[in-house]
Amino acid sequence: MHVLLTGVAGFIGYHCAQRLLKDGHAVTGIDNLNSYYDVKLKEARLARLQGHKDFRFVKQDISVPGLPRILEHEAGNGVTHVLHLAAQAGVRHSLENPRAYLDSNLAGPLGILEYARANKMTHVVYASSSSVYGGNTKTPFSVKDPVEHPVSLYAATKRGGELMAETYAHLFAIPLTGLRFFTVYGPWGRPDMAAYLFCRKIIDNAPIPVFNHGDMQRDFTYIDDIVDGVMGALARAPKAGDGKAPHNIYNLGNAHPEKLTDFIAGIERCLGKKAAYDFKPMQPGDVPVTSADITESTRDFGFQPRVNIAEGLERFVAWFREYHKVA
Ligand SMILES: NC(=O)c1ccc[n+]([C@@H]2O[C@H](COP(=O)([O-])OP(=O)(O)OC[C@H]3O[C@@H](n4cnc5c(N)ncnc54)[C@H](O)[C@@H]3O)[C@@H](O)[C@H]2O)c1
């Protein structure tokens, strides 16, 4: 395969590119290296990919008009698959900077779909999010559940991406697969996410803000399990049939939700240091529980999370110490 991978300097994109290259595929990576979080971390990830003979990086914003032509020129003719991971992530930031979500998460995917349409891609796999389940109270969250109540603009744009994908699969028979990721963590992770934030605070002796007074659960999923799921999905392009467009959506989660306070306790154990808690009320846009039903992803491409929280946190904290040169 030759994969056009958007968001390649991001957390999940970097790990997926590593795996694709290791498995002998070619990767053309796209990213605009925006400053939502420390650009040095994005550059450090990229530096580990550059130099690989089958990797090429193109610095490009995917939300610009005329993207299909730009990508055709930049990526050349050999691209067979698209792995679209670029997005403006983060639920809380969408309250402060809504426009970034419109650009990266709606205009961006539209350009990718148009590229796939013009270049007859074998398969396009794209990132969605557990946040589309929004205010749902039935757990675990199943891909069969209604997703009519996003509680943040981030979630609404991710759901919008799924709906656009359904339309393009229907109109132009482009095989498309959407993956709803559940709170991914691991080495080279995002500084705005729980594992990283908590680790930093504990090391700095700063109190950890714990929302909903600690009554939160997340289906924390280790990055290697997510990469396994993405690879499984990429290899299985959906087919049209029975009046259905060639478009499937799957959950990729650990299927084992953890209390936030237990997750923090896991980091404390790895660091050998206690956290200070700053209990706070629920934040607007947040949800108290995420929990994945992975029946369909297990059935269709053998998705099976393997890394438990204790092991995953140990690997994350080891990376954090090394990257930040913390003793
Ligand atoms: N990490 C998680 O827990 C999680 C959970 C659910 C869904 N997701 C989704 O998975 C995908 C990857 O997430 P991540 O955690 O790796 O995030 P990330 O922020 O680390 O990576 C996204 C990358 O996309 C790039 N990007 C953003 N807008 C762009 C644009 N307009 N043009 C070009 N590049 C752009 C960013 O610079 C960044 O490097 C995203 O679509 C995200 O919404 C992630």
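Since every read-out is calculated from the coordinates, none of them should be taken as a lab result. Quick caveat: nothing in here was measured; it's all calculated off a predicted structure. Here Cβ is always computed from backbone atoms with ideal geometry, including for glycine, and neighbour counts include all displayed protein chains.
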Which of the trypsin sites (Lys or Arg not before Pro) found in the range 64-143 are loop residues per DSSP with 13 or fewer other Cβ atoms within 10 Å of their Cβ? Lys120, Lys138
With a cap of 10 neighbouring Cβ atoms within 10 Å, and only residues DSSP puts in a loop, list the GluC sites (Glu not before Pro) found in the range 78-153. Glu148
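Let me check against my output: what whole-number percent is the relative contact order of the chain, with C-alpha pairs under 8 Å and at least 6 apart? Could the numbers behind the result be given before it?
Working: 645 pairs, mean separation 58.9, N = 327.
So the answer I get is 18 percent.
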Where does each of 155-167, 293-305 land if you order them by average Cβ count within 10 Å, highest first? 155-167, 293-305
For the chain, return all DSSP H helices satisfying: extent of Cα atoms along own axis at least 15 Å; mean Kyte-Doolittle hydropathy at least -1.0. 11-22, 39-49, 108-119, 153-172, 223-234, 260-271, 309-323
So how do His73, His81 line up by other beta-carbon neighbours within 10 Å, fewest first? His73, His81
By the Cα gyration tensor axes a ≥ b ≥ c (a/c under 1.5 gives rounded; else a/b larger than b/c gives prolate, otherwise oblate), the shape of the range 43-122 is oblate
Is the range 36-182 best put as rounded, prolate or oblate by its Cα gyration tensor, with a ≥ b ≥ c the root eigenvalues, rounded for a/c under 1.5, and otherwise prolate when a/b is larger than b/c, oblate when not? oblate
Residue-averaged 222 nm ellipticity for the chain, from DSSP H runs of 4+ at -39500 (n - 2.57), nearest 500: -12000 deg cm²/dmol
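Relative contact order (percent) for the range 44-121, with alpha-carbon contacts under 8 angstrom and 6 or more residues of separation? Before the final figure, lay out the partial values.
On the way: 51 pairs, mean separation 33.8, N = 78.
So the answer I get is 43 percent.
Based on the alpha-carbon gyration tensor of the range 10-67 and its eigenvalue square roots a ≥ b ≥ c, which shape applies: rounded if a/c is under 1.5, prolate if not and a/b is larger than b/c, or oblate? Numbers along the way, then the final one.
Numbers: a/c = 2.14, a/b = 1.31, b/c = 1.63.
Oblate shape, in that a/c is at least 1.5 and b/c is the bigger or equal ratio.
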Burial ranking of peptide ranges 13-20, 171-178 (average Cβ count within 10 Å, highest at the top): 13-20, 171-178
